[in-house]
1. Of the listed values (1) 16; (2) 22; (3) 48, identify the label whose number matches percent of Cα pairs over 22 Å apart calculated from this model.
2. Under 15 Å from the Cβ of Glu86, count the other residues' Cβ atoms, weight Lys and Arg +1, Asp and Glu -1, and hand me the total.
3. Hey, if you put +1 on the Cβ of every Lys and Arg and -1 on every Asp and Glu Cβ in the chain, which of Val54, Ala71, His88 ends up farthest toward the positive end of that dipole?
4. Excluding Gln21 itself, what net charge comes from residues whose Cβ is under 12 Å from its Cβ, given Lys and Arg +1 and Asp and Glu -1?
5. What whole-number distance in Å separates the alpha-carbon centres of segment 27-46 and segment 68-83?
6. What whole-number value in Å² describes the accessible area per residue of the chain for a 1.4 Å probe?
7. Once ligands and nucleic acids are excluded and a 1.4 Å probe is used, how much of Thr87 is accessible, expressed in Å² to the nearest 10?
8. Counting other C-beta atoms within 10 Å, and keeping those with at most 12, which DSSP coil trypsin sites (Lys or Arg not before Pro) do you find in segment 39-70?
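The values are calculated or read from the model by the stated rules, or taken from the named source; none is laboratory data. Here the structure is a predicted model, which means the values were calculated and not measured. Virtual Cβ from ideal backbone geometry, glycine too; neighbours counted across all protein chains shown. Remember, those area values only see protein heavy atoms, side chains included, never the ligands or the DNA or RNA. Shrake-Rupley method; radii C 1.70, N 1.55, O 1.52, S 1.80 Å.
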Amino acid sequence: MKNILLEFAEEVSKERVESVQRTRQKWFEEGDRLLKWREKLGLSRAFVARETGVDYGRLTRLEHGEPVKEAKLISQVYKLTLEKIETHRALDRLLESIGIRK
């Protein structure tokens with residue numbers, strides 16, 4: 001009986017470690033996507049921090065895939081901010097192309 005319990009505990013522990021590793025990898029990939037997107041837009045992290053109202057350090061940790069309180073919420077706000085900037089830039093280019101803005 002003791003061996004069965006020990007085997008079960010080891011299996012649960014192994015599954016937990018694998019789950020944590022998958023979650024860390026997911027957040028690392030998410031952070032990397034946000035970092036690359038921000039850099040592609042030519043934005044500083046300080047600018048995004050001001051626009052989102054999220055602390056600079058938290059954004060840094062998020063971009064590096066490190067644990068951050070309310071990571072899902074911060075990630076969504078970050079994405080929406082970048083989308084807004086992309087949309088404004090696209091609109092500006094469109095208006096400029098038809099001669100409405102210079």
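1. Looking at percent of Cα pairs over 22 Å apart for this model, the match is (3).
2. Values: positive: Arg33, Lys36, Arg38, Lys40, Lys79, Lys84, Arg89, Arg93; negative: Glu39, Glu51, Glu83, Asp92.
Charge balance near Glu86 sits at +4.
3. His88
4. Values: positive: Lys14, Arg16, Arg22, Arg24, Lys26; negative: Glu15, Glu18.
Result for the local shell: +3.
5. Cα centroid to Cα centroid, the span is 11 Å.
6. Values: 7750 Å² over 102 residues.
Per residue, the chain has an accessible area of 76 Å².
7. Per-residue accessible area (Thr87): approximately 90 Å².
8. Details: sites: Lys40, Arg45, Arg50, Arg58, Arg61, Lys69; in loops: Lys69.
For trypsin sites (Lys or Arg not before Pro) across segment 39-70 that sit outside H, G, I, E and B with at most 12 neighbouring Cβ atoms in 10 Å, the list reads Lys69.
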